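Encoded as structure tokens, the structure appears first; notes follow it.
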Amino acid sequence: MAKFEKDTETLFHGVHDLMDYSQEELMELFKTLPAPTMEEMQGEFHSTKLSHHSVRDYLGWHLSCDNPLMNPEWVGKAFRMENDKEGRGYNLFRKVNGQLYTKYPMYTCIAPSRYDGKPAFTLVYKAFYTMTAATQMVDEARKVADGVYLLIGTYGITAKDRMRPHFWLLEGPYRTYRGDANAIPRKFDKKREMPNYKD
């Protein structure tokens with residue numbers, strides 16, 4: 001029986017404490033969840049890392065997303081709609097002095113998940129010229145409860161790398177969208193970035 005079916009401890013809003021879930025349990029849960037709507041994914045959301053594949057994964061996370069020499073503390077993501085099918089967003093970081101700033105924008109839409117083909121709120125970083133585009137980063141999110149979302153991040157050079165899930169919890173929105181992050185847009189192949197995508 002899956003952990004999310006047998007646990008009785010909860011964090012908030014009736015949501016089980018996902019911090020103790022394994023990678024396998026998080027994926028099992030993800031596949032049961034519905035996609036959120038574009039309308040509800042607007043504003044700034046706080047992010048919490050869930051589970052790690054290995055010590056290497058843990059160290060890589062802290063070197064890239066919690067490292068004052070590269071990126072100060074990563075605290076979340078934000079989104080806005082451009083129309084009823086598409087939107088854009090950014091990642092939110094906190095400097096050592098406490099100041100928040102935006103970086104690494106992305107294109108957003110509802111698209112078939114690379115894991116089960118069912119709808120997921122999808123974030124494509126290839127839509128802008130940034131470091132995250134170079135790593136072919138794509139995220140997928142599904143709704144756990146009102147204001148609570150399970151997000152999978154993927155990146156890598158090979159197709160196998162890009163199937164390796166990295167899990168986060170998104171909570172919010174807490175604040176309004178503060179304006180698009182500064183980056184140059186670029187054309188990208190939706191079918192390459194989202195393997196199950198259909199025009």
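Here are some notes:
- Cα gyration tensor category, rounded, prolate or oblate, for region 67-126 with a/c compared to 1.5: prolate
- Relative contact order [Cα under 8 Å, 6+ residues apart], region 65-199, whole percent: 19
- Gyration tensor verdict on region 85-171 (Cα atoms; rounded if a/c is under 1.5, prolate if a/b is larger than b/c, oblate otherwise): oblate
- Added length on full extension, which subtracts the Cα-Cα distance from 0.36 nm per residue, residue 190 to residue 73: 39.1 nm
- Cα-based shape type of region 133-199, given that a ≥ b ≥ c are square roots of the gyration tensor eigenvalues and the cut on a/c is 1.5: oblate
- Residue pairs, from the table 31/187; 95/187; 118/198; 85/160; 103/198; 49/187, whose Cα atoms sit over 24 Å apart: 31/187; 95/187; 85/160; 103/198; 49/187
All of the numbers you see were taken from the coordinates with simple rules; none came from a lab. For clarity, every value in this text was computed on a predicted model and none was experimentally measured.
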